Structure formats: C-alpha cells, structure tokens
1. Counting only DSSP beta bridges with both residues in the chain, tell me the antiparallel percent, nearest 5.
2. Any idea what the relative contact order of the chain is, in percent, if you count C-alpha pairs under 8 Å spaced at least 6 apart?
3. Take the Cα atoms of the stretch 96-236, build their convex hull, and give its volume per residue in Å³.
4. Would you list 93, 205, 48, 1 from fewest to most Cβ contacts within 10 Å?
5. Show that you can apply the helix-only estimate: for the chain, add -39,500 (n - 2.57) for every DSSP H stretch of four or more residues, divide by all residues, and state [θ] at 222 nm to the nearest 500.
6. How big is the convex hull of the Cα atoms of the chain, per residue, in Å³?
7. In the stretch 1-132, how does Rg compare with the Kirkwood Rh, expressed as the Rg/Rh ratio over alpha carbon atoms?
8. Estimate the FRET efficiency between residue 192 and residue 144 by the formula 1/(1 + (r/R0)^6), using the beta-carbon distance for r and 45 Å for R0, to the nearest 0.05.
Amino acid sequence: MSVLALRKLSKAFGGVRAVNEVDFAIEPGEFLAMIGPNGAGKSTCFNMINGQLAPDSGAILLDGNNIAGLEPRAIWRLGVGRTFQVAATFGSMTVVENVQMALLSYAGETYKLWRPVAKMHRARALDLLGQVGMQEAADRPSRELAYGDVKRIELAIALANDPKLLLMDEPTAGMGARERHGLIELVKKLVVERGISGLFTEHSMDVVFAYADRIIVLARGRVIADGDADAIRDNAKVQEVYFGTGKTFAVAHGAAP
C-alpha cells in the first residue's frame, strides 16, 4: 500500500484552479520531488496534504485512510512531519528547548506543565539534534544560529513525531550550493535509515536530479510528467512548459550555460 495517495485532488481560488484533479502516490521509503514553474500548484498541494487548506474535491489517502480536511495537528499526530519554505524557531529558547517543545506536544504534555520541563524529553531531543548534526549547539539560543543551522533544527523538530511521511516545502531556499547539497544529502540519509517516505518541492534542479528517487512535474495545477531523472530530462512537454529553452536544465546537469 502507498504511504500517500492523492486522488483527483482539486482546489480553486475564485475562478482560478490552482490544483486540478491531481493524482500521484508515494511508496514506502520513496524520496519524491515535486517541481514546476511558479504558480504550478505545488504549495497548494502541500498545504492540502498537511491540512492548512481543505480541498474542494478529491481524496488524500494516508495509509489508505482519507485525511482530507483534517486539522494540521491531527495530521501531524498521524505521522506526517513538515518543514516550511521560511524556517523559524523560537529565538528566545535554546536549540534543545525548541526540539523539546515539539516532543512535549507530540506526547500530549503541553497542558501538564505544572512541573519543571527542562529535563523532560531532553535525552530524546539531544538524540534528534545529533541526527541532524546540531547536538553541540544544543544549549545555544536559537536566535544566534545561521540560517542553514536553523533549517537543520527545523528538520529535527519535524522528526519529533517519528514520521512515516516527511513533507518539505523548498527545504534549501536561501542556502548556498554547498549548504543545500549538505542538507538534502542528510535528509536522504535519514529517509533511508528510518525507512520513511519524503515529498519535497524544490527550485534548485541540481538538488532535484541528484537526490530524488522520482520526480513529478506540475503545470497549471495538473501533473504533466512523472518519472525518474532520465524520463523527466527527456520529456518534451517538461522541456517546453518548465525548462523553456533548456538552458536551466543544462546548467542543472553541469553543462555549460
């Protein structure tokens, strides 16, 4: 059974169909990239999967159960982790405290804070920070971190619910080439080691073609292509709709611009 399956998922804003009968599935352990030009419907899809938006029609099946229209917190408790295009942490808290808060929430203990919480779930939080390479910064205030490190803290928070599915909206936005490859390589490693599935949107084609197991391409709210890197590279419709002249595609593969 697929971990996630979208069936004829649709969403309109006024007279504009942002997502139009989208169908695709993610298999266990698969690392899937969703790409497309601006306005293709990628963020709308993400926000429906994670509960920020309710679809107009269609189904979102998580392990075969329709989660369309559920609140984000309910979907999170079902095992869906999420990172956002613009990463943010509680700057007044330390790095480890940010992760501890996510663990407290997942354990349903945020309303039981009548006891000191400094040591609650600290060992688990430190373990998660170790997995993303940030354990040494555990007791630093989050506001002191570089943006790339904040992205890693956000990843640790997204793993706090032991997800079966990890959603990442533009995970490398605002990062340099070395940083973005380092982050996605880390995510791919965690996906493989944990046996979870991943879905990410990304504008950096070097990242997409280097790390995605499979790529789906959206344009004007519809899926226009679905396949591995070679299939997407050779798809004439993708070249026309997404890559235009092919210049972006060539640069993404290391060819001369």
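A short reminder: the numbers here are calculations on the coordinates, not readings from a lab. None of the values given here were measured: they were computed from a predicted structure. Cβ placement follows ideal geometry from the backbone for every residue including glycine, while neighbour counts extend to all protein chains displayed.
1. Numbers: 20 of 37 bridges.
Among the beta bridges of the chain, antiparallel pairing accounts for roughly 55 percent.
2. On the way: 486 pairs, mean separation 66.2, N = 257.
Computed over the chain, the figure is 26 percent.
3. Values: hull volume 19.2 nm³, N = 141.
In the stretch 96-236, the Cα convex hull volume per residue is 136 Å³.
4. On the way: 93 15, 205 21, 48 26, 1 9.
The fewest-first ordering by Cβ neighbours comes to 1, 93, 205, 48.
5. Working: 9 runs with 84 residues, N = 257.
Using -39500 (n - 2.57) per qualifying helix, the result is -9500 deg cm²/dmol.
6. Details: hull volume 33.8 nm³, N = 257.
Given the Cα convex hull of the chain, per-residue volume reads 132 Å³.
7. Taking Rg over the Kirkwood Rh, I get 1.04.
8. Working: r = 32 Å, r/R0 = 0.70.
With R0 = 45 Å, the Cβ-Cβ based efficiency is 0.90.
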